[in-house]
1. Can you report the number of residues in the stretch 24-61 which are open to solvent by 30 Å² or more (accessible area, probe 1.4 Å) and over 19 Å from Ala106 (Cβ atoms)?
2. Which residue out of Ala82, Ala129 is at pLDDT below 95 and either touching a strand residue (DSSP E or B) at 6+ places or on another chain (Cβ under 7 Å) or of a type in the set (A, V, I, L, M, F, W, C) (or both)?
3. Would you please list the contacts, defined by Cβ atoms under 6 Å and residues six or more apart or on different chains, that run from a residue in the stretch 77-95 that is at positive phi to a residue that is assigned to a strand (DSSP E or B) and surrounded by 13 or more Cβ atoms within 10 Å (Cβ to Cβ)?
4. Could you tell me which of the residues Thr38, Thr42, Thr49 is at negative phi and out of contact with any Leu (no Cβ under 9 Å at 6 or more places or on another chain)?
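The values are calculated or read from the model by the stated rules, or taken from the named source; none is laboratory data. Nothing here was measured: the structure is a model prediction, and the numbers come from that model. Cβ atoms come from the backbone with ideal geometry, glycine included; neighbour counts cover every protein chain shown. For accessibility, only protein heavy atoms count, side chains too; no ligands or nucleic acids. Shrake-Rupley method; radii C 1.70, N 1.55, O 1.52, S 1.80 Å.
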Amino acid sequence: MSPEQISAGAVDFPRLLAAAAFLTNRATEESLAELRLTQERTIILGLLTSSPADAAALATASGLAPGCVDDCVRALECCGYATIGSGGRWTITSAGAAVETQARQAEVRLLAGDNDDGLRRDLSALIRALTPSPESEPKS
């Protein structure tokens with residue numbers, strides 16, 4: 001779509017932005033799913049790379065609900081990415097550190113636009129769907 005085609009009335013910008021955000025979020029989730037991660041689990045892994053922490057501290061630092069943090073650390077434990085030690089403090093494993101690095105690299109690639117043909121295709125379809133056809137525009 002050329003800049004001339006985009007006018008204030010030609011595109012429903014709030015819907016377009018919301019849909020673009022949704023598609024970008026979906027692309028992020030798909031790239032993390034390959035690593036058996038979610039965005040929440042990635043946040044927790046990132047925090048654990050700094051230092052061991054208990055679930056309450058992870059909830060505070062991440063802004064996630066305590067129940068969500070509990071689910072995340074248990075899932076990370078099942079994947080072998082985190083382990084709980086004495087005193088209820090969670091630590092990242094070497095496998096967790098490696099996958100956290102992979103997750104950061106995947107995010108960088110996504111933000112840089114590498115391998116985003118599917119995302120571009122989806123966004124293009126969305127723009128076409130939200131752009132009124134010439135027949136539907138009011139005549140002056």
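1. The qualifying residues number 8.
2. Of the residues listed, the single one that is at pLDDT below 95 and either touching a strand residue (DSSP E or B) at 6+ places or on another chain (Cβ under 7 Å) or of a type in the set (A, V, I, L, M, F, W, C) (or both) is Ala129.
3. Gly88/Asp54
4. Thr49
Let's see how each residue does on (1) modelled with pLDDT under 95; (2) of a type in the set (D, E, K, R):
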site: Arg36; (1), (2): yes, yes
site: Ala61; (1), (2): no, no
site: Leu110; (1), (2): yes, no
site: Asn115; (1), (2): yes, no
